[in-house]
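Contents: one structure, followed by commentary.
The values are calculated or read from the model by the stated rules, or taken from the named source; none is laboratory data. Keep in mind the model is a prediction, meaning the values are calculated, not measured. Here the Cβ positions follow ideal geometry from the backbone for every residue, glycine too, while neighbour counts run over all protein chains shown.
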Amino acid sequence: MNFDDLNISDEIKKAIVDMGFKKTTPIQKAVIPQALSGKDIMGQAQTGTGKTVAFGIPILEKIFIPDKSPQAIILCPTRELCIQVADEIAKIGNKIKKLKILAVYGGQPIGKQTRVLKKGVHIVVGTPGRVIDHIERKNLDLIGVESVVLDEADEMLDMGFRDDIELILHNTPKQRQTLLFSATIPEEVKKIAQKYQNNPKFIKIASNKRNIPKITQFSFKTSKKTKFEDLCKLIDAWNVKHGLVFCNTKNGVDFVVKHLKKNGYSADSIHGDMTQKVRDKVMNKFRNGNIHILVATDVAARGIDVENIDVVINYDIPQNPEIYIHRIGRTARAGNKGNAFSLVTPQDEYYMINIKKNSNVKISQRSVPSLEEIDYIKNKNIIGKAIKSIRNDDLSEYIKIIENNSSGDISSVEIAASLLKMVREN
């Protein structure tokens with residue numbers, strides 16, 4: 001379906017063209033007409049499927065600009081996602097004159113947000129905690145809200161935001177439209193839907209697997225006793241320069257980072273217990289390449305969009321296949337290739353079988369490389385890069401240098417071997 005086929009305003013159509021979109025994604029095709037008709041939606045879809053546009057267009061179609069009180073509120077689990085969603089909706093609505101959108105989240109001075117709210121805002125995008133804060137300070141009145149969006153609902157509930165979400169919903173009119181989106185639909189999400197939605201239309205979009213063929217996926221048998229040592233072997237064997245390691249718990253993250261640092265690796269962590277300021281600092285270091293290994297929980301990793309992650313390692317296996325797809329999708333971005341490795345203990349084997357069965361992905365089983373094999377892999381990788389350079393680069397000047405320094409007792413092969421040794425030891 002083309003966006004031109006939708007019953008939406010010319011301003012939004014022009015903005016969509018400026019954004020480079022012509023055809024709707026599956027979730028946009030399924031959600032937009034239903035949401036425009038006023039129906040409540042429960043959508044199951046991954047990040048990257050275009051769901052912000054799917055709920056953003058129906059919200060913007062209902063906004064009455066002369067009314068400067070909040071008419072829509074969008075709840076997101078993290079600051080990063082808040083900013084991302086607010087920016088995307090601003091792009092969709094940038095042809096609508098005098099439209100005001102505000103992102104509210106912790107880690108930013110509340111006074112600045114308060115001043116903007118007092119001047120008048122049509123759409124608020126916020127984390128539950130900061131939205132509650134503004135409600136309690138009488139900065140935010142939701143009595144005029146017509147649309148509520150719960151984005152990444154499963155993650156918000158995992159982070160313990162259920163009471164906050166319910167309090168926010170109680171502060172909105174009962175006749176509102178409620179759009180709920182979640183990568184997974186566990187019982188907690190179903191309960192929220194049953195309690196706060198009116199006969200919602202359930203829409204499920206299959207995981208976007210277009211990038212998966214670019215990701216080489218291996219599973220490695222391990223044990224609880226040797227798992228950390230095996231993690232180090234994988235990092236060494238693939239000479240990881242920009243790796244993301246996933247653990248299922250905050251305690252797991254703390255353990256892995258502590259021991260990686262002890263073993264001399266450039267590593268740091270992000271999880272939900274950290275302040276936003278600390279998380280931003282760590283993320284900037286990771287983006288800039290000052291940290292080689294970032295260890296994270298799924299919740300903290302929401303909103304991370306770093307193009308050059310070469311390896312994703314599942315230190316802990318997720319219990320849900322869709323979370324696995326979401327994790328490995330962090331690599332192979334922007335046309336790059338990537339690797340996804342999973343350390344599988346005997347206790348994890350059921351979850352791994354379930355992932356293979358339900359995700360339709362090819363995961364080859366390998367043995368964790370020995371120290372001798374790590375040496376071989378490292379040498380092979382360097383030689384592979386050298387061969388690629390021989391085929392693609394002009395090396396004439398360098399060949400002359402090697403030839404001029406070769407003699408009866410020192411061959412060019414020996415010089416190459418010495419250079420390989422220097423590269424390996426550096």
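On the basis of being buried (at least 18 other Cβ atoms within 10 Å of the Cβ), in the same structural domain as P33 (by TED's automatic domain parsing), part of a loop (DSSP other than H, G, I, E, B) and not hydrophobic (A, V, I, L, M, F, W, C), does T178 make the cut?
Values: buried (at least 18 other Cβ atoms within 10 Å of the Cβ): yes; in the same structural domain as P33 (by TED's automatic domain parsing): yes; part of a loop (DSSP other than H, G, I, E, B): no; not hydrophobic (A, V, I, L, M, F, W, C): yes.
Here the answer is no, as T178 does not meet what is asked.
Between L167, L180, the distinction of being within 20 Å of L102 (Cβ to Cβ) and touching a helix residue (DSSP H, G or I) at 6+ places or on another chain (Cβ under 9 Å) belongs to L167 only. Candidates are the residues of region 111-162 that are assigned to a helix (DSSP H, G or I), touching a residue at least 40 places away in the same chain (Cβ under 8 Å) and of a type in the set (D, E); the one that is nearest to T249 (Cα to Cα) is D158. I want to confirm something. Restricting to region 318-358 and keeping residues that are of a type in the set (S, T, Y) and free of Cβ contacts under 8 Å to residues at least 60 places away in the same chain, which single residue is farthest from K250 (Cα to Cα)? Among those residues, the one meeting the criterion is Y350. All of (1) surrounded by fewer than 18 Cβ atoms within 10 Å (Cβ to Cβ); (2) more than 28 Å from Q46 (Cα to Cα); (3) touching a strand residue (DSSP E or B) at 6+ places or on another chain (Cβ under 7 Å) hold for I83 with one exception: (2). A residue that is surrounded by fewer than 16 Cβ atoms within 10 Å (Cβ to Cβ), of a type outside the set (S, T, N, Q) and either at pLDDT 95 or above or more than 15 Å from Q71 (Cα to Cα) (or both) cannot be found anywhere in region 121-128. Residues in region 61-80 that are out of contact with any helix residue (DSSP H, G or I) (no Cβ under 6 Å at 6 or more places or on another chain) and not β-branched (V, I, T): E61, K62, F64, P66, D67, K68, S69, P70, Q71, E80.
Out of all the residues in region 204-224, is one or more modelled with pLDDT of 90 or more, exposed (fewer than 14 other Cβ atoms within 10 Å of the Cβ), hydroxyl-bearing (S, T, Y) and in a loop (DSSP other than H, G, I, E, B)? Yes - at least one qualifying residue is present in region 204-224. Can you find a residue that is farther than 12 Å from L244 by Cβ, touching a residue at least 24 places away in the same chain (Cβ under 8 Å), surrounded by fewer than 21 Cβ atoms within 10 Å (Cβ to Cβ) and in contact with a Ser or Thr (Cβ under 7 Å, 6 or more places away or on another chain) anywhere in region 304-317? The answer is no, given that none of the residues of region 304-317 is farther than 12 Å from L244 by Cβ, touching a residue at least 24 places away in the same chain (Cβ under 8 Å), surrounded by fewer than 21 Cβ atoms within 10 Å (Cβ to Cβ) and in contact with a Ser or Thr (Cβ under 7 Å, 6 or more places away or on another chain). Within region 347-399, the only residue that satisfies the criterion of being surrounded by 12 or more Cβ atoms within 10 Å (Cβ to Cβ), closer than 16 Å to N320 by Cβ and aromatic (F, W, Y) is Y351.
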